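Every number in this text was worked out from the coordinates using simple rules, so none of it is lab data. Fair warning: this is a prediction, and the values are worked out from it, not measured in the lab. Positions of Cβ are backbone-derived with ideal geometry, glycine not excepted, and every protein chain shown enters the neighbour counts.
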Amino acid sequence: MKRFLVLAGLATSLGLAVPVAAQAATIAPAVGVQGGVQLQLAGGKHGHGGYHGHHGGPRYHHKPPPPRHYYRPPPVVHHHYHPAPRPWAYWQPYVVRYHYHSFGPPVYYTGHPYYGDYYRVRARDRHNVAVWLGISAITGAILFSTY
């Protein structure tokens, strides 16, 4: 019974569709409808029914704006000033302020990965104990002191 109803419905729909198509074919030359006409959906270039959403605009060049919790890293700072290392005689009075005396001959080291350029000097501290001092050749800071 179900098959009979399905076939009857199909025959009815095909029977109604054929006369409508024939009638449209007879009207078409009188109206002047041309072939190859394209159908365009109303509602914008994407066919969303008029809703375009937020595309960012000219400020973001059609990208969505960053979220409010967007983290922008700090700008990279390039230091162009590279101070020249100073001679040991320039830094010796500064080391004397920290109660070191009786300095031996300084040895200059370049390109240390942590210290940079520095002097290594044998000296005596305030208790007259011999120490090795590492003095920065650029800032004059005492980098290390070992007994």
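Give me the net charge for the shell around GLY104: Cβ to Cβ below 12 angstrom, other residues only, Lys and Arg +1, Asp and Glu -1.
Details: positive: ARG120, ARG122, ARG124; negative: none.
Every neighbour counted, the sum reads +3.
Quickly rank 96-102, 129-135 as a protection proxy: mean count of other C-beta atoms within 10 Å, highest first. Write down the numbers at each step before the final one.
Values: 96-102: 11.9, 129-135: 16.0.
Most protected by this proxy first, the peptides run 129-135, 96-102.
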| task | Taking H placed 1.01 Å from N in the peptide plane, check which residues at least 5 places from LEU143 or on another chain put their amide H under 5 Å from its amide H. | result | GLY134, ILE135, SER136
| Whole-Hz couplings from phi, Karplus 6.51/-1.76/1.60, listed for segment 127-138; x for Gly and Pro | 9, 6, 9, 6, 9, 9, 10, x, 10, 5, 7, 9
| task | Project the alpha carbons of segment 88-146 onto their principal axes and report the range along each, largest first, in whole Å. | result | 32, 21, 17
| remark: The set of residues whose placed amide H lies less than 5 Å from the amide H of VAL131, leaving out same-chain residues fewer than 5 positions away, is ALA123, ARG124, ASP125
